[in-house]
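What follows is a single structure, written as structure tokens, with notes after it.
The values are calculated or read from the model by the stated rules, or taken from the named source; none is laboratory data. Small disclaimer: the values here were computed from a predicted structure and weren't measured. Quick reminder, even Gly has a Cβ in these numbers, built from the backbone with ideal geometry, and neighbours come from all protein chains shown.
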Amino acid sequence: MPNDTQNITIIGAGMAGTLLSVLLARRGYRVDLFERHPAPNSGERHIELASNLALGERARYALRVTGLLEQVERLATPMHGRMIHDRAGRITLQPYGYKDYETLYSVRRESLQHCLMYEAEKDPRITLHYDHTLQDIDWDSRVAVFATHRNGGGQTHHFDVLIGADGGASRVRRLMEDASDIGADVSMLDAGYKFLTIDAGSNHEPLMDPHAVHVWPRGGYMMLAFPGPDGSFTATLFLPLKGDHQMIWGFEDLDSWTRQSAFMEANFPDVTPLIGKLEEEFRDHPVGRMGTVKCKRWHLGGRTLLIGDAAHAIVPFHGQGVNSALEDCTTLDSILDEGYRDWESVFHTLQERRKHDTDAIADMALDAYRTVRESVRHRDFLLRKALERELELRHPDRFVARYSLVMFHRIPYSEAYERGRVQSEILRELLDGKDDLGQVDLQQAARLVNERLAEVPQSA
């Protein structure tokens, strides 16, 4: 562990920045944690914090390491699968798997953030600086310049090591690009999202199954709803920014309440009556943007490092943004036990271990976008899932669905991607010309699985 630095500066007090500050402080470092938003008790609430996220094993492991898992679980709702809603209002549960641990946990971002912030605030080695927006960095002098609402711009802070955990629109990353070519590539999706709220019933009871994520797939667009502990659901409408000859609906086209209500009633008739403030939320909630960030380099020597979305933002359809960011933190923490004497070696090792994996989950997230919008509705998809589950039951040590490897295991993303590719080939071969599970040659399946798939590592 580098011992020539006692003070570390982190920009961004989101999930990754806050958890990393806790891990570093426990190692004896003093941490200055800067956040552009006001303190949580200021009364100002960022709309993103009102949304929900799905905690898989990677995030749960990070919370377990920090001793916060039990506390967070009390605020979370277990989800055992996807509840698919078709246009006629029929619903079908698609379980995540057949094992008890194949469960995701829905938690309000705000609740998880408060747990992490409280843990950071009670550590005397961590100093939190709210309402500090990064303006500039003098890399040679190692000085960061901030603006605050109270004192204006020009507030300076000297740093030894600076870590950028400031999200997909990272200011640290942009300032690194001004200093050196880090190969940053930002690719925005031509779709956006809007948060909507499904309140609980009059007796605080949930109006839909509270132990599933609800999905309304509609081809080129869709809606998801995550359960909350109070009986409510946070829904997210995903829609192209602008309609075209193939897609008549886009956020730009829904420019009046007449069009908005007509769109919702035509496409989501079973849930629209449950959204009590639909007109108000369509008017007041902004359209969010989504994109993928990949960087060839995550660090500038030993001076600065990017982690989480700042280094590798992904679209949200695999539920791995926070999971992946927190895995950066636990990986960095474990590297500090390996005897490296300088930060450049630590940062380089983190990049080497994580970049291939974060590129893989970025690609899988885009694939999940297509799957959730379209494939979950199709008979071929359901037949494929049925065979996938049959092979998992028959060959549990070798055949594990890619979704499960990503969500419920800690196997590297790149290995999950590759195993998923091989398994897809096996499924295609077995289902070629078949339209029923009973037509599949299970002896051939056993041979293909044993020939092409090694056993899944137990530690994964």
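Of note:
- Every test in (1) touching a strand residue (DSSP E or B) at 6+ places or on another chain (Cβ under 9 Å); (2) outside any loop (DSSP other than H, G, I, E, B); (3) not hydrophobic (A, V, I, L, M, F, W, C) is passed by residue 71 save one, and that test is (1).
- The residues listed here are 359, 432; of these, the one that is of a type in the set (D, E, K, R) and in contact (Cβ under 8 Å) with a residue 12 or more places away in the chain is 359.
- Scanning region 291-299 for residues that are among the basic types (Lys, Arg), surrounded by fewer than 18 Cβ atoms within 10 Å (Cβ to Cβ), modelled with pLDDT of 95 or more and not assigned by TED's automatic domain parsing to the domain that holds residue 182 turns up nothing.
- Matching entry among 307, 248 (being among the hydrophobic types (A, V, I, L, M, F, W, C), touching a residue at least 60 places away in the same chain (Cβ under 8 Å), over 20 Å from residue 50 (Cβ atoms) and not assigned by TED's automatic domain parsing to the domain that holds residue 405): 307
- If you go through region 85-127 and keep only what is assigned to a loop (DSSP other than H, G, I, E, B) and either in contact with a strand residue (DSSP E or B) (Cβ under 6 Å, 6 or more places away or on another chain) or among the acidic types (Asp, Glu) (or both), you end up with 86, 96, 100, 102, 103, 123, 125.
- Any hit, region 31-47, residues being of a type in the set (D, E, K, R), under 23 Å from residue 236 (Cα atoms), touching a residue at least 12 places away in the same chain (Cβ under 8 Å) and surrounded by 21 or more Cβ atoms within 10 Å (Cβ to Cβ): no
- Selection from region 146-187 of residues that are part of a loop (DSSP other than H, G, I, E, B) and over 23 Å from residue 290 (Cα atoms): 149, 150, 151, 159, 160, 180, 181
- Search result, residues across region 135-176 that are loosely packed, with under 15 Cβ neighbours inside 10 Å and more than 26 Å from residue 39 (Cβ to Cβ): 138, 140, 141
- Per the listing 458, 443, the residue uniquely free of Cβ contacts under 8 Å to residues at least 24 places away in the same chain, of a type in the set (S, T, N, Q) and over 20 Å from residue 97 (Cβ atoms) is 443.
- Restricting the first member to region 272-288 and to residues that are closer than 19 Å to residue 215 by Cα, and the second to residues that are of a type in the set (S, T, N, Q) and part of a strand (DSSP E or B), the beta-carbon pairs closer than 7 Å and six or more apart or on different chains are 275/197.
- Of everything in region 87-100 that is at negative phi and exposed (fewer than 11 other Cβ atoms within 10 Å of the Cβ), the residue that is modelled with the lowest pLDDT is 100.
- For region 252-271, taking the residues that are in a helix (DSSP H, G or I) and in contact (Cβ under 8 Å) with a residue 24 or more places away in the chain, the one that is surrounded by the fewest Cβ atoms within 10 Å (Cβ to Cβ) is identified as 257.
- For first residues located in region 136-154 and under 19 Å from residue 170 (Cα atoms) and not assigned by TED's automatic domain parsing to the domain that holds residue 36, partners that are hydroxyl-bearing (Ser, Thr, Tyr) and loosely packed, with under 13 Cβ neighbours inside 10 Å and lie 6+ apart or on another chain with Cβ distances below 9 Å do not occur.
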